[in-house]
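Structure first, then comments.
The values are calculated or read from the model by the stated rules, or taken from the named source; none is laboratory data. Everything numeric in this text was worked out from a predicted model, so none of it was measured. In this analysis, Cβ positions are derived from the backbone assuming ideal geometry, glycine residues included, and neighbour counts consider all displayed protein chains. Accessible surface is based on the protein model in full, side chains and every heavy atom, while ligands, DNA and RNA are left aside. Shrake-Rupley method; radii C 1.70, N 1.55, O 1.52, S 1.80 Å.
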Amino acid sequence: MHSLISHIPILKLYRHHSPKSEEDAIIKEERVSFFLNRKKILSSMCIPSHQDAHIVGFLLSEGVLEHIDEVQNISISSDGLSVYLEAKISEENLANLHKEKTLTSGCCVGVTANFEGKIVEKFLESQNKLRTQILWDTLDYFETNNVLFKQTGCVHRAILCSLEGKIIFDILDIGRHNAVDKVMGLAAINRLNPHDHFLFVSGRLSLEMIIKTVMHEIPIVISKASTTKTAIQAAQKLGVTLIGFARDEKCNIYTHPSRILL
């Protein structure tokens with residue numbers, strides 16, 4: 001974790017005291033390039049970790065990959081800044097990714113082509129339930145195990161949990177989309193049943209975050225942050241239980257509350 005941080009000298013200014021020379025902890029970000037079947041498809045500014053999961057999660061989110069079994073090989077360059085994936089893919093969805101890019105409201109200006117079409121055919125039918133005590137326990141974990149954010153104030157977080165409360169994957173990145181793609185890529189690589197899990201994130205739940213949730217068939221998504229009207233409408237239509245403002249012993253259930261055991 002420490003290798004992700006640089007310490008630089010700064011001059012800290014105080015309202016009622018003299019300035020002081022100090023050090024500040026700064027997160028490292030790198031440009032990581034994604035190659036699919038020997039062709040570069042895009043680059044992402046991110047924390048260079050879990051790069052294989054990142055490309056898998058992103059391509060599954062966009063429908064370019066239909067299933068993890070379509071992946072034939074993944075490799076990462078020695079410097080960690082290039083990821084090479086060979087797989088059977090949907091050429092149509094890959095073409096849409098290049099042709100119909102939409103700049104999202106992401107903190108790193110995410111790119112997606114999957115706002116229309118295939119996504120509207122999905123509806124998550126999961127009947128699994130989440131006990132509220134598990135929700136509060138996960139929130140406690142989220143708030144007490146956040147060292148990198150406390151050091152830098154510059155990371156988003158995505159946690160995949162079992163419905164029994166086990167923390168499966170806990171991922172940090174400078175972008176909320178990156179963190180979700182990485183955690184969902186790990187879930188796919190490890191062939192987890194998505195209906196038996198829920199997602200707990202730090203960032204705003206906007207439309208593209210709901211799309212990612214649906215494409216990975218996660219029925220419950222919870223955030224410490226806010227949501228948007230379009231995200232709520234999409235979650236209602238697509239069968240996602242959407243919970244926002246999970247903080248300070250309370251939260252807002254916006255859609256499909258029947259999955260939460262009150």
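The table below lists the values:
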quantity: Scope region 149-178; condition part of a helix (DSSP H, G or I) and aromatic (F, W, Y); matching residues; calculated: F149
quantity: Residue in region 51-61 that is at pLDDT 90 or above, more than 20 Å from G203 (Cα to Cα), open to solvent by 20 Å² or more (accessible area, probe 1.4 Å) and in contact with a Leu (Cβ under 7 Å, 6 or more places away or on another chain) present; calculated: no
quantity: Meets criteria (modelled with pLDDT of 95 or more, surrounded by fewer than 21 Cβ atoms within 10 Å (Cβ to Cβ) and not in a loop (DSSP other than H, G, I, E, B)) for D181; calculated: no
quantity: Candidate set from region 237-262 (those that are of a type in the set (A, V, I, L, M, F, W, C) and within 16 Å of Q133 (Cα to Cα)); member that is farthest from the chain's Cα centre (by Cα); calculated: L262
quantity: Test result for A234, over 12 Å from the mean Cα position of the chain (by Cα), of a type in the set (G, A, S), under 25 Å from P48 (Cβ atoms) and open to solvent by 10 Å² or more (accessible area, probe 1.4 Å); calculated: no
quantity: Segments classed as strands (runs of 3 or more DSSP E), wholly inside region 220-262, with at least 2 members that are more than 21 Å from F142 (Cβ to Cβ); calculated: none
quantity: For N93: the one exception among (1) at pLDDT below 95; (2) among the polar types (S, T, N, Q); (3) closer than 25 Å to D173 by Cα; calculated: (3)
quantity: Test: residue in region 195-214 that is assigned to a strand (DSSP E or B), open to solvent by 10 Å² or more (accessible area, probe 1.4 Å) and within 30 Å of L85 (Cα to Cα); calculated: yes
quantity: Test result for V109, open to solvent by 60 Å² or more (accessible area, probe 1.4 Å), at pLDDT below 90 and closer than 29 Å to S75 by Cα; calculated: yes
quantity: Condition met for T230 (out of contact with any strand residue (DSSP E or B) (no Cβ under 9 Å at 6 or more places or on another chain) and not aliphatic (A, V, I, L, M)); calculated: yes
